[in-house]
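Notes follow the structure.
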Amino acid sequence: MFKTLKISSPGKIILCGEHSVVYGKKALACSIDLRTHLAARHTENNYFQFILSDLDQTLEIKEEDFLSVKCASVQSEPDAIIKHLEEKYSNKLVSSLNFFILLYPELEWSQLAGLQVKISSDIPIASGLGSSASYSTCLSSFFFLLRSNRIFSQSDLEAINSNAFYIEKLFHGNPSGLDNSVSAYGGFVVFEKGLIREKFTCDQELNVLIINSQIPKQTLEQVKKVRVLYEKHSSILDSLMNSIDLLVDKFIQTLKEIDSLDGIKDLVTINQGLLYALQVSNQALDSIVNTCEKLGFRAKITGAGGGGCCITIFDQSDMQKLDELKSCLTKNSFLPFQTRLGSDGVRIDELI
């Protein structure tokens, strides 16, 4: 058993494939170096303490609580556990802990007693950057390490990712699995029809400015909006979806063969034009894109649109104007984050 444990997992952005992925096309996502951090340590307490710093919430589980969850007559099979938790508990954070208590019949109270687990995150909530998936991946990793103190192998990551997906089901009902996959594996992930088609890394460091509109993401509303448009103009929308799919292929090729950002910047501009045609932008997102373009940066929506974030990828030649861009965005009540693309997936930062 460890004395101190620190785990972190990344958020994500969609580089290309927003909305078209709903219609059976590919989506290209990648990790960002904004991370959720889990720190666990032993205390003299006789209970398990779970602290969510950013939400200002603390859960305390006592032995009788643990045993009460354990004695539930439910199979230790993920879907059965999810159904049971949805029927019995309204607090999804409590359910996310109870999922693992029920999933691992061999888990004993002595493994949790006295532990304090604190979770904090660099990732803004409800911004389309994968904050819940990053949390789910950290939590899945923590319970994995309770049972085996070791550096994650590929098969370990598959198990961690699978269980993180079920926590995402608790939070979102019917997630695609993309967000938790990016958080688990890191790098670049190609996703199609609910499956990971490819994982790869990029040799060049890619810097990105993520601009939070501070309007909560509106995924379901925007998906429904595009569906209405599709039903009215199906042949035109099919062409747009096919174009986005071709753009995903071009992004993948360019990232694998990259020698400068010029090609990527062109693709970002084309992608934004296609998203604009799908009518998922709004005044705030347009303002972000236009502000970037005025200073020579290329920007696009990342995610479903209607709110959430935009991104602009930049290199050393753009650094001189970067501070000016951040200042302009901040003056307009937008929130810019500078980070990089393709960072590590879930990792153990400290294990003693």
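Brief remarks follow.
- In the range 197-212, the residues that are open to solvent by 10 Å² or more (accessible area, probe 1.4 Å) and over 16 Å from A29 (Cβ atoms): D203, Q204, E205, N207, N212
- One residue alone among G187, G194 is open to solvent by less than 10 Å² (accessible area, probe 1.4 Å) and at positive phi, and that residue is G187.
- The one condition in (1) closer than 20 Å to I352 by Cβ; (2) free of Cβ contacts under 8 Å to residues at least 60 places away in the same chain; (3) surrounded by fewer than 20 Cβ atoms within 10 Å (Cβ to Cβ) that F144 fails to fulfil: (3)
- Taking first residues from the range 255-281 that are more than 18 Å from H233 (Cβ to Cβ) and partners that are of a type in the set (S, T, N, Q) and assigned to a helix (DSSP H, G or I), the Cβ contacts under 7 Å between residues at least 6 apart in sequence or on separate chains come to G263/T254; I264/T254; L267/T254.
- Residue count for the range 174-215 satisfying the condition of being modelled with pLDDT under 95, closer than 21 Å to G307 by Cα and β-branched (V, I, T): 1.
- Meets criteria (touching a residue at least 60 places away in the same chain (Cβ under 8 Å), surrounded by 24 or more Cβ atoms within 10 Å (Cβ to Cβ) and out of contact with any Gly (no Cβ under 9 Å at 6 or more places or on another chain)) for L139: yes
Condition check ((1) among the aliphatic types (A, V, I, L, M); (2) surrounded by fewer than 17 Cβ atoms within 10 Å (Cβ to Cβ); (3) at positive phi; (4) touching a His at 6+ places or on another chain (Cβ under 7 Å)) across all residues:
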residue	(1), (2), (3), (4)
K25	no, no, no, no
H37	no, no, no, no
E44	no, yes, no, no
E87	no, yes, no, no
S95	no, no, no, no
L102	yes, no, no, no
Q111	no, yes, no, no
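- Helices (runs of 4 or more DSSP H) (entirely within the range 223-319) containing at least 2 residues that are within 23 Å of K12 (Cα to Cα), open to solvent by 80 Å² or more (accessible area, probe 1.4 Å) and of a type outside the set (S, T, Y): 234-256, 262-277
- Scoring S134 on the criteria (1) on the phi < 0 side of the Ramachandran plot; (2) open to solvent by 20 Å² or more (accessible area, probe 1.4 Å) leaves a single failure, condition (2).
- Enumeration of residues in the range 6-29 that are in a strand (DSSP E or B) and basic (K, R): K6, K12, K26
- For the range 322-333, the count of residues that are on the phi > 0 side of the Ramachandran plot and either in contact with a Gly (Cβ under 8 Å, 6 or more places away or on another chain) or of a type in the set (G, A, S) (or both) is at least one.
- Of the strands (runs of 3 or more DSSP E) contained entirely in the range 107-216, those carrying at least 2 residues that are under 29 Å from L85 (Cα atoms) and out of contact with any Lys or Arg (no Cβ under 8 Å at 6 or more places or on another chain) fall at 115-121, 195-200.
- Residues satisfying the criterion are present in the range 172-182 (criterion: surrounded by 21 or more Cβ atoms within 10 Å (Cβ to Cβ), touching a residue at least 24 places away in the same chain (Cβ under 8 Å), over 30 Å from Q111 (Cα atoms) and of a type in the set (A, V, I, L, M, F, W, C)).
- Candidates I32, I51 - the one that is within 30 Å of E205 (Cα to Cα), touching a residue at least 24 places away in the same chain (Cβ under 8 Å), open to solvent by less than 70 Å² (accessible area, probe 1.4 Å) and not in a loop (DSSP other than H, G, I, E, B): I32
- Cross-chain or 6+ apart pairs with Cβ under 7 Å, the range 81-97 first and free of Cβ contacts under 8 Å to residues at least 40 places away in the same chain and closer than 15 Å to S68 by Cβ, then open to solvent by less than 10 Å² (accessible area, probe 1.4 Å) and of a type in the set (S, T, Y): Y89/S95
- Of all residues in the range 302-318, those that are over 21 Å from G17 (Cα atoms) have Cβ atoms under 7 Å from Cβ atoms of residues that are modelled with pLDDT of 95 or more and part of a strand (DSSP E or B), 6 or more apart or on another chain, in D315/N207.
The values are calculated or read from the model by the stated rules, or taken from the named source; none is laboratory data. All of these numbers come straight from a predicted model, not from anything done at the bench. Here Cβ is always computed from backbone atoms with ideal geometry, including for glycine, and neighbour counts include all displayed protein chains. Heads up: the accessible areas ignore ligands, DNA and RNA and are worked out on the full protein's heavy atoms, side chains in. Shrake-Rupley method; radii C 1.70, N 1.55, O 1.52, S 1.80 Å.
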